[in-house]
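In what follows, a structure is listed as structure tokens, so that the remarks can point back to it.
The values are calculated or read from the model by the stated rules, or taken from the named source; none is laboratory data. What you see is a predicted model, and the numbers here were worked out from it, not measured in a lab. When we count neighbours, we look across all protein chains shown, and the Cβ atoms used for this are built from the backbone with ideal geometry, even at glycine.
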Amino acid sequence: MKIAIVHDALCVTGGGEKLFLWMKKAFPDAPIFTSVYLSGKTFPEYKNFKINTLPLSGLIKNETQMKLLYPLWYFGFRSLDFSEFDLVLSSSTYLAKFISPPSQVKHYSYINAPFRLLWKPGSYTSNSRSNLRFLAVLLKPFIPILQKIDRTQSRKINKIAANSRNMADAIMDHYQMPATVIYPPVELENFSPSQEIGNYYLSVSRLVSHKRVDVAVDACTKLGKDLVVVGDGPELEHLKRKAGPTISFVGRVNDKELSSLFSHARALLFPSEEDFGIVPLEAQASGIPVIAYGKGGALETVLEGETGLFFKSQTVDDLIDAMIRFESKKFNKAQIRNWVEKFSGQNFIEALREFVFSA
């Protein structure tokens, strides 16, 4: 079977881009297609592959430029010729699933989430530093039409996989399509528990408004607790201005540095409502507990009271309450690490291959 794999864009070091690397491992001979590839902005492993991009992609310098030209890439994806393949496997949140292969070519899609700009436009509020909030305002009158297009095109996909039960439910809700749950993998070999614990909490995230890193920054500032913030993005300067003296911003770090930060942290603070969220699994693979907002994918990756704690609302006070509860509890590093073993890369590859090759 001749297979092609397709991803929205390779412009950032996000969870979707990391997962797509595992899709390439599952199908090493499959060529890669995407809208835009920025080699210096995404994972360096992609430099080992030939990346097929859309026309005009060479003019794009960052993710914001890419997303503002969404209509261009939409039509670009629909014009791609996949007639020489037996099956195309897309990895998509907002673009790659709109490919239009010939009827004899099967199209399976691993949908990370329904397009946030269409189905959760409130994520891009006036509080956001992201330029996408202007696009959200501009598109507001057209949202029902765009949702209909999204639904119609998504229902043409032959078979869908989702990254969590949470997202499978959303896919059924928006598209009335069933989805097979295949949990994204964590690279277990890159993370290991340490007996030495530092005195800091940790945040690892792209710094965009809907990740709600501001809640972690405000909570630790208010409590006078050390917080190390890993990541960059349009919210960075805003967060720095509001942060107290116990907050450290370290930007993007390499894998070795991230592993060390995880293994020595007191806990990961995770105030985001994620569709799935790989970061809590990386923290737990390092043996550290997670203090997470109790909604979305975290409910499937964190065990309350055993590998972490939940707080009920995305507010500073609720996070503070959870941190106070956390400091009176003890967690078992080995038990935390054992929990994430089922999210291994090999399990993901086997499940994805079964999804593709099963009838």
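Quick rundown of the values:
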{"item": "Given (1) surrounded by fewer than 18 Cβ atoms within 10 Å (Cβ to Cβ); (2) within 19 Å of residue 194 (Cα to Cα); (3) touching a residue at least 12 places away in the same chain (Cβ under 8 Å), number of the condition residue 258 does not satisfy", "result": "(1)"}
{"item": "Those residues of region 206-225 which are among the hydroxyl-bearing types (Ser, Thr, Tyr) and at pLDDT 95 or above, in sequence order", "result": "221"}
{"item": "Residue in region 29-40 that is within 23 Å of residue 142 (Cα to Cα) and either out of contact with any Gly (no Cβ under 9 Å at 6 or more places or on another chain) or basic (Lys, Arg) (or both) present", "result": "no"}
{"item": "Matching residues in region 10-45 - criterion: being in contact (Cβ under 8 Å) with a residue 60 or more places away in the chain and under 13 Å from the mean Cα position of the chain (by Cα)", "result": "12, 13, 14, 15, 16, 18, 19, 20"}
{"item": "Residue that is modelled with the lowest pLDDT, among those in region 259-289 that are assigned to a loop (DSSP other than H, G, I, E, B) and charged (D, E, K, R)", "result": "275"}
{"item": "Elements of type helices (runs of 4 or more DSSP H) contained in region 138-231, each with 2 or more residues being basic (Lys, Arg)", "result": "143-154"}
{"item": "Residue within region 26-43 that is within 23 Å of residue 149 (Cα to Cα), touching a Phe, Trp or Tyr at 6+ places or on another chain (Cβ under 6 Å) and surrounded by 16 or more Cβ atoms within 10 Å (Cβ to Cβ) present", "result": "yes"}
{"item": "Residue list for region 85-98, filter: under 18 Å from residue 19 (Cβ atoms), of a type outside the set (Phe, Trp, Tyr) and not in a helix (DSSP H, G or I)", "result": "88, 89, 90, 91, 92, 93, 95"}
{"item": "Residue check for residue 170: closer than 29 Å to residue 117 by Cβ, surrounded by 21 or more Cβ atoms within 10 Å (Cβ to Cβ) and of a type in the set (A, V, I, L, M, F, W, C)", "result": "no"}
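Rundown of residues vs (1) assigned by TED's automatic domain parsing to the domain that holds residue 223; (2) surrounded by 14 or more Cβ atoms within 10 Å (Cβ to Cβ); (3) of a type in the set (A, V, I, L, M); (4) within 16 Å of residue 201 (Cβ to Cβ), yes/no style:
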| position | (1), (2), (3), (4) |
| --- | --- |
| 254 | yes, no, no, no |
| 312 | yes, no, no, no |
| 315 | yes, yes, no, no |
| 320 | yes, yes, yes, yes |
| 331 | yes, yes, no, yes |
